[in-house]
1. Which residues, counting only those in segment 20-49, are open to solvent by 80 Å² or more (accessible area, probe 1.4 Å), part of a helix (DSSP H, G or I) and either over 30 Å from N98 (Cα atoms) or of a type in the set (K, R) (or both)?
2. Restricting the search to segment 80-113, which residues are in a helix (DSSP H, G or I), within 18 Å of P7 (Cβ to Cβ) and open to solvent by 90 Å² or more (accessible area, probe 1.4 Å)?
3. Can we say E17 is in a helix (DSSP H, G or I) and open to solvent by 90 Å² or more (accessible area, probe 1.4 Å)?
4. Residue pairs, Cβ under 6 Å, 6 or more apart or interchain, first in segment 72-90 and closer than 14 Å to F102 by Cα and modelled with pLDDT under 90, second open to solvent by less than 70 Å² (accessible area, probe 1.4 Å) and β-branched (V, I, T). List them.
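The values are calculated or read from the model by the stated rules, or taken from the named source; none is laboratory data. It should be emphasised that the depicted structure is a prediction, and the values quoted were computed from it without experimental measurement. Ideal geometry is used to build each Cβ from the backbone, glycine not excepted, and the neighbour counts take in all protein chains shown. Calculation scope for accessible area: heavy atoms of the full protein, side chains included, ligands and nucleic acids excluded. Shrake-Rupley method; radii C 1.70, N 1.55, O 1.52, S 1.80 Å.
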Amino acid sequence: MKIVLTPGQDADVTQAETILDEVPFEVVIGDKGFDSQKLVDFIEARGGEAVIPSRKNATEPREYDRERYKDRNLVERFWNKIKHYRRVATRYEKTARNFLAFVHVASIMVLLQ
């Protein structure tokens, strides 16, 4: 697992290729926020399958494996558990370095449970 901290106004999809570039994968599951043809092409060029639903306003909706997409809830539940740590939920840390360090600590605590 890899966690990248970005400014709040940046979309998550801007960091997707950076994260996926260093990780072996067969399937990439993302929500509608990751609906980008550039990202889908990147995933398929690396031999993976993109399980990303199209946005509501897409001119050509993309087919995706709906059963596999249900596994995305594992990530959502993981982030929910991390946010139970108050320092993460309220971002007490003033610097990005310290906040990311505590996100890593909280992640370790959740994964050890």
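1. Within segment 20-49, K32, Q37, K38, E44, A45 meet the criteria.
2. Within segment 80-113, R97 is the sole residue that qualifies.
3. So E17 fails the test.
4. What qualifies is V88/I82; V88/V103.
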